[in-house]
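Where a number appears in this text, it was derived from the coordinates with a stated rule and is not lab data. Small disclaimer: the values here were computed from a predicted structure and weren't measured. Every residue, glycine as well, gets a Cβ built from its backbone with ideal geometry; the counts of neighbours run over all protein chains shown.
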Amino acid sequence: MKNNLIFDNFYNKINDCDFTELKKIQKEYFGKNGIFIQILKSLHNYNDDYKKDIGSKINKAKNDILVKINKEQYNKNCTNVEKNKNNFDCSEGLFFPFVNGNFHPISKTIYDISSIFKSFGFLVSDGPELETDWYNFESLNIPKNHSVRDLHDTFYIDGYVDLLLRTHTSPGQIHIMEKHKPPIKAIIPGKVYRNESSDSSHSSMFHQIEGIEVDENITFLDLKNVLFEFVHAFFSRNLKLRFRPSYFQFTEPSTEVDIQCNFCNGNGCKICKNSGWIEILGCGMVHPNVLKSVNYDKEKYTGYAFGIGVERITMLKYDVSDVRLFYENDLRFLKQF
Ligand code: PHE
């Protein structure tokens with residue numbers, strides 16, 4: 001019989017069956033000499049594409065019948081009055097089909113970026129999402145009443161004026177410097193929060209990866225080199241980088257980094273708004289006042305820091321047009337990564 005017909009037959013058979021019938025069909029197809037098992041045994045005679053196609057169809061059939069058996073068993077359990085009297089576990093006797101899961105795209109990017117920086121000798125660390133005003137602002141050279149705080153409006157905790165959800169991963173710089181003496185070289189991935197209403201490119205919760213290196217004689221060139229190597233490794237391509245002057249309170253000088261648009265190779269398209277460039281991160285040389293906050297000798301040490309927007313770089317890598325897709329938990333979207 002042609003394989004397609006075998007699958008059609010199988011699916012016709014498992015329609016409208018009760019538990020006992022389903023178990024019988026399962027044996028007929030997946031038992032020791034079952035029909036699908038025989039097919040799997042004969043696959044070595046065929047080419048790779050065919051093997052892959054039939055193999056995955058049989059795996060799917062195996063899961064599909066298990067799901068049906070589970071459903072029948074579950075219904076049987078739930079309608080068993082005697083058992084229900086004794087608060088029994090209604091999942092009793094259920095089989096668990098093995099569905100291969102995969103990383104959420106944001107976790108995948110964090111994992112990929114962490115692996116890249118680990119290979120450059122960076123430590124991967126973390127910090128609390130609930131921060132004090134000191135760690136989120138003051139220690140980073142952002143005094144009270146500074147106008148930039150408007151851009152970092154966030155969620156405060158009722159009854160605790162000093163506690164807030166961190167607006168960036170930069171407080172991680174302070175935590176890591178407090179814990180270790182220089183030289184330090186670390187990245188800090190994590191969730192950050194801002195009081196923003198969500199649209200296709202904004203969300204009130206998103207992810208960043210902070211990076212910091214402090215040692216004697218660290219220069220802007222070290223920052224350029226590390227970011228160049230990172231972009232090359234992450235996009236698996238030699239994309240050009242552009243360092244645009246910018247302003248952050250905790251770095252001086254500060255720049256924003258654009259990469260050559262990976263969709264049009266810098267020729268100009270809708271995604272890069274015809275500029276040929278796309279912004280991916282903020283960075284700069286650690287401000288002496290920040291080194292002072294953690295009692296590092298600012299005459300002896302210098303360092304650089306950067307902050308990568310995880311959602312943004314994931315959208316660029318996989319051509320995702322709306323940030324909200326990451327949080328809707330629609331499996332049709334999530335399974336593609
Ligand atoms: N914390 C900055 C932001 O959220 C990014 C940044 C990190 C800039 C480190 C410079 C150095 O916008």
Sequence-separation-based contact order of the chain, relative, with Cα cut under 8 Å and 6+ spacing, percent | 14
List, in the order given, every pair from K13/K68; K27/K52; K24/K51; K108/K181 whose Cα-Cα distance in the structure shown is over 20 Å.
-> K27/K52; K24/K51; K108/K181
Residues whose modelled amide H sits under 5 Å from the amide H of S254, counting only those 5 or more places away in sequence or on another chain, are S246, F248
Which chymotrypsin sites (Phe, Trp or Tyr not before Pro) does the range 97-154 hold that lie in a coil by DSSP with at most 16 other beta carbons within 10 Å?
-> F98, F103, F120
With no solvent and one point on each alpha carbon, what is the Debye value of log10 I(q)/I(0) for the range 2-87 at q = 0.13, 0.21 Å⁻¹?
-> -0.50, -0.98
The extension gain from D330 to H146, computed as 0.36 nm times the residue separation minus the Cα-Cα distance, is 62.2 nm
In sequence order, what are the phi-derived ³J(HN,Hα) couplings for the range 113-124 according to the Karplus relation 6.51 cos²θ - 1.76 cosθ + 1.60 with θ = phi - 60°, rounded to whole Hz, with x for glycine and proline?
-> 5, 4, 4, 4, 5, 4, 5, 8, x, 7, 7, 9
Does anyone have the angle between helix 220-235 and the longest principal axis of the chain? Alpha-carbon axes, 0 to 90°, nearest 10?
-> 10
Give me D for the chain in µm² s⁻¹, whole number, from Stokes-Einstein with Rh from the Kirkwood sum over alpha-carbon pairs, 20 °C and 1.002 mPa s.
-> 88
Please list, or write none, the lysines whose alpha carbon is within less than 23 Å of the alpha carbon of K273, excluding same-chain residues fewer than 8 places away.
-> K240, K317
So what is the 222 nm mean residue ellipticity for the chain from helices alone, if each DSSP H run of at least 4 adds -39500 (n - 2.57) and you divide by all residues, rounding to the nearest 500 deg cm²/dmol?
-> -11500 deg cm²/dmol
Scan around H207 for amide H atoms under 5 Å from its own, H built in the peptide plane at 1.01 Å from N, and keep only partners 5 or more places away or cross-chain.
-> V192, V310, E311
Separation of alpha-carbon centers, the range 264-332 and the range 16-64, rounded to whole Å = 47
Contour excess over end-to-end distance, with Cα ends at S115 and V161 and 0.36 nm allotted per residue | 12.8 nm
Proportion of all alpha-carbon pairs of the range 203-305 beyond 22 Å (%) = 39
Give the residue from P182, N80, Q336 lying farthest towards the positive end of the charge dipole for the chain; charges sit on Cβ (+1 for Lys and Arg, -1 for Asp and Glu) and the dipole is referred to the Cα centre.
-> N80
Over the range 100-213, relative contact order from alpha-carbon pairs under 8 Å, at least 6 apart, % = 27
Cysteines of the chain without any disulfide-compatible partner (other Cys Cβ under 4.7 Å) are C17, C78, C90, C283
Compare the peptides 267-274, 142-149, 63-70, 173-180 by average per-residue count of other Cβ atoms within 10 angstrom and give them in order, highest first.
-> 173-180, 63-70, 267-274, 142-149
Grab the beta carbon distance between C17 and S200, set R0 = 45 Å, and tell me the FRET efficiency rounded to 0.05.
-> 0.45
Taking 0.36 nm per residue of separation between D297 and K181 and subtracting their Cα-Cα distance, the length gained on full extension comes to 40.7 nm
Whole-angstrom gap from the range 75-138 to the range 181-207, using each part's C-alpha centre | 20
Can you figure out the FRET efficiency of C264 with A233, using R₀ = 25 Å and their beta-carbon distance, to the nearest 0.05?
-> 0.70
